[in-house]
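Taken together, the values in this text are just the output of simple stated rules run on the coordinates, not laboratory data. The structure displayed is predicted, hence computed values, not measured ones. Glycine also receives a Cβ, built like all others from the backbone with ideal geometry; neighbour counts cover every protein chain displayed.
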Amino acid sequence: MVSESLLNTGDTAWILISTALVMIMTLPGLALFYGGMSKKKNVLNTMFLSLAAFAIASVIWVIFGYQFAFGETINGFLGVPTHFFLNGIGLDMLHPDTGIPELLYVAFQATFAAITVALISGAIVGRMKAKAWLAFVVIWLTLVYIPVAHWVWGGGWLYQLGALDFAGGAVVHLNSGIAALALILVLGPRKDQRLLPHHLGYVVIGAALLWFGWFGFNGGSALAANGLAANAIITTNVAAATAMIGWILIDIWNSGKPTVLGA
């Protein structure tokens, strides 16, 4: 427990905003992005996958996820579950080495857990039923995401070996990518493999929200309103802009003109 006088209101305000920005990446950003790229018959189901993932991840995180991911390490593999249902985390408790409330850090990390599992949903559209997806979300978060988050971010064995992951390159992107690949290999190809985006407008709006939300995803990972956060935001924006320009040029090279989906 620490003194409320150590609270940094500027840092707290920034991480509050960042938490909302990361949520926007999943709802509605990812839901619109995946929904727009899916076939007409799969649009609502595709959006539902992201909605359900966010809801389930939010509840699991509060019940036991945060405790196992960020509790004091047990042999480097899991955290000590001392705060089930966030019991014992008070309003005046600050996250170590920061000026932000512990509860805010819980909320910020919950949005990371949610978008990580939601990212996987794009691989199972047309391959897995919604009921099976709901079960997968619970199992994967419990057995994969939470342990990996602890290994890298919670003081686990990878952290002890010197692993650095500023904003989820391993915990979020590598983790979800491997899971998506595994599901594709297990479930096999879709019956209809034609790329027939239902609504490119949804794709554009979703992509724009993802781009916007990534400022909170990467900038917020500094856990402070400082130069590191600003550097992360600039790097994120330039990387996204360069990637878009690159794909536009490839589109022109391949088809003679730029397209919305190509960009």
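Observations
- Restricting region 151-232 to chymotrypsin sites (Phe, Trp or Tyr not before Pro) in coil, as DSSP defines it, with at most 15 other Cβ within 10 Å: 166
- Relative contact order (percent, whole number), the chain, Cα cutoff 8 Å, 6+ residue spacing: 31
- Normalised contact order of region 96-186, rounded percent, pairs of Cα under 8 Å and 6 or more residues apart: 40
- Cα-based Lys proximity count in the chain, under 22 Å, for pairs eight or more positions apart or on separate chains: 11
- Fluctuation leader among 26, 46, 236 - the chain, Gaussian network, Cα springs under 10 angstrom: 236
- Exposure proxy ranking, count of Cβ atoms within 10 Å, fewest first, for 150, 198: 198, 150
- In this calculation the C-beta distance from residue 250 to residue 132 is compared with R0 = 45 Å, giving a FRET efficiency of 0.80.
- Entry for volume of the Cα convex hull per residue in Å³ (calculated from the structure that is shown) out of (1) 224; (2) 133; (3) 111: (2)
- Cα gyration tensor shape of region 118-263, rounded if a/c is under 1.5, else prolate or oblate by comparing a/b with b/c: oblate
- Under the combined filter of DSSP loop state and at most 13 neighbouring Cβ atoms within 10 Å, region 59-110 retains these chymotrypsin sites (Phe, Trp or Tyr not before Pro): 77.
- Most mobile listed residue (139, 100, 17) in the chain, GNM with C-alpha springs under 10 Å: 139
- Result for the chain in a Gaussian network model with C-alpha springs under 10 Å: among 138, 152, 125, the largest mean-square fluctuation is at 138.
- Relative contact order for region 1-64, counting Cα pairs under 8 Å that sit 6 or more residues apart, in percent: 26
- Helices assigned as whole DSSP H runs in the chain whose Cα atoms extend at least 27 Å along their own long axis and whose mean Kyte-Doolittle hydropathy is 1.6 or higher are found at 102-120.
- For 142, 111, 12, 242, order by how many other beta-carbon atoms lie within 10 Å, fewest first: 242, 142, 12, 111
- Within region 48-131, the trypsin sites (Lys or Arg not before Pro) that combine a DSSP coil assignment with at most 16 other C-beta atoms in a 10 angstrom radius are 127, 129.
- Between the residues 13, 101, 117, the greatest Cα displacement towards the positive end of the dipole of region 4-225, with unit charges on the Cβ of Lys, Arg, Asp and Glu, is found for 117.
- The overall shape of region 44-101 is prolate: from the C-alpha gyration tensor, with semi-axes ordered a ≥ b ≥ c, the ratio a/c is 1.5 or greater and a/b exceeds b/c.
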